[in-house]
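A.B. asks: Below is a structure I'd like to ask you about.
The values are calculated or read from the model by the stated rules, or taken from the named source; none is laboratory data. All values reported here derive from a predicted model rather than from experimental measurement. Heads up, the Cβs are rebuilt from the backbone with ideal geometry, glycines too, and the neighbour counts pull from every protein chain shown. Surface accessibility is based on the protein's heavy atoms, side chains included, excluding ligands, DNA and RNA. Shrake-Rupley method; radii C 1.70, N 1.55, O 1.52, S 1.80 Å.
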Amino acid sequence: MNRTPARHVAPADAPAKGPAHARSLTGRPVLRAVGLVTTAALVFVGAGIGTAAVTLTGNISAVDAEAALGTDRPEKAEPSDPNAGEAINIVLLGSDSREGANAAAADDGTEGARADTTMIMHISADRSRVELLSIPRDTTVDIPSCPTTGGEQTPELYGTKFNAAFAQGVMYGGDVESGALCTMRTIEEITDVYMDGFIVVDFSGFQKMIDALDGVEMCIANDIDAPKADHLVLSAGVQTLDGETALKYARARTGKGLGDGSDIGRIGRQQELMAALARTVLGQNLLTDSPQLLQFLGAVTGSLTMSSNFASVTGLAGLAYSARGVRPDTIAFMTAPFMYDPSNPANVIFTEEAAQVWENMDKDRPLSDAIAVEKKSKKKKDADASASAGATDEPTEDAAAEPTAEPTSETSAEPTPTPTRTRDAGEEAFTSADVTSVCG
């Protein structure tokens, strides 16, 4: 197969609208948030984290003031979103750095740091949609000259793999932040869309995050035996993956039950894992479980690297609160439209459909058709307009002329069940509420 068509790309007329390793970078005033998974989870769960996050900034010890002072206290004001009314694009990077605690998690003899996973998280201006778009690491691209944290510029690269941008920054800048900066610059060159900042999570942080949630439940469609993924073995069926197993699953490429061993197949599994994470966080309702929320934040804030403006506690709480209405069916995943590179079948290139996705992102339109857009009929819009203008409760001429349907044997009969459609993660756009694997 030479081409993988982009499935479910939204058309142009779609409706509009922490401190890691004690390091951070200065940048433009942007979104304040914390961590690849922390950001995703906090966007999913909403507000209520301000006090908790204050104690966790820098992972310092502190007294639980909320528990000590009890409930007879003044009402707390709702947090405000410093970026209210603005769409936000966050570059999320999963790094396979072999430094520190990650050496044990990697344990494959590889040195240095690469971007094992890259996603762009688009949060709509009205905070009704969270969309994550994967960029295949084997995409053939040109990499521009990038700034490093030391103020130097990296040389340009031509016709190379996308994830070489991260490696290029790390090589010349000597740190993960420089790798993330070069990835951001490369994405902006490719898409012509402004990126508000970056967040990098490493192996250790990912593993701790899953364990803090007591694992994530997933449907494993086939028996898996992947010796190269640290001997990952899973039986087909619904499984609860702990942090160590989830990390192996996210990194696995080759072995029994893993398809053709391509990066595209792995992207699909990573997207399914993130969808399971979203369902887990929403299902646990961390807002009402302060001890669990503290454990979750404490587990991940020490394993993240980010642009400095992402670390404001007040901004984090405000963003999370403003996006409190998201549901599994408004959290979507897709892969940038691609085809296999004619000059190098081991790589892929972006297709013409990708340009439509970049435009949708820039204009804050849905990136795909995965999220169902509610559309009102003209009559319903007119009725809403009349109601907002102080109309009476008397029926309109149209309403009076429209008879009420009498129940019939046909309308009262049980509806015929529609078979559940399974979406192809990695190649098709889907939401956390969609079925992507079938078990049993």
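A.B. asks: Name the residues in region 139-183 that are under 23 Å from residue 335 (Cβ atoms), of a type in the set (Gly, Ala, Ser) and open to solvent by less than 40 Å² (accessible area, probe 1.4 Å), would you?
C.D. replies: Answer for region 139-183, where residues must be under 23 Å from residue 335 (Cβ atoms), of a type in the set (Gly, Ala, Ser) and open to solvent by less than 40 Å² (accessible area, probe 1.4 Å): 164, 165, 167, 179, 180.
A.B. asks: With region 228-347 as the region, which helices (runs of 4 or more DSSP H) entirely inside it contain at least 3 residues that are crowded, with 20+ Cβ neighbours inside 10 Å and at pLDDT below 90?
C.D. replies: By residue number, 263-284, 290-300, 313-322.
A.B. asks: Hey, another quick one. Kindly evaluate residue 192 against the criterion of being more than 17 Å from residue 146 (Cα to Cα), surrounded by fewer than 20 Cβ atoms within 10 Å (Cβ to Cβ) and acidic (Asp, Glu).
C.D. replies: So residue 192 does not fit the description; no.
A.B. asks: Here are 198, 162: which of them is within 30 Å of residue 245 (Cβ to Cβ), modelled with pLDDT under 90 and of a type outside the set (Asp, Glu)?
C.D. replies: Selected residue: 198, the only one of 198, 162 that is within 30 Å of residue 245 (Cβ to Cβ), modelled with pLDDT under 90 and of a type outside the set (Asp, Glu).
A.B. asks: Please go through region 209-227 and give me each residue that is more than 18 Å from the chain's Cα centre (by Cα), of a type outside the set (Asp, Glu) and assigned to a helix (DSSP H, G or I), ordered by number.
C.D. replies: 212 - this is the single residue of region 209-227 that is more than 18 Å from the chain's Cα centre (by Cα), of a type outside the set (Asp, Glu) and assigned to a helix (DSSP H, G or I).
A.B. asks: Here's another thing I want to ask about it. How many residues does region 354-370 hold that are modelled with pLDDT under 95 and more than 23 Å from residue 127 (Cβ to Cβ)?
C.D. replies: Adding up the residues that qualify gives 0.
A.B. asks: Continuing with the same structure: Which ones in region 242-274 are out of contact with any helix residue (DSSP H, G or I) (no Cβ under 9 Å at 6 or more places or on another chain) and of a type in the set (Ser, Thr, Tyr)?
C.D. replies: Selection gives 254, 262.
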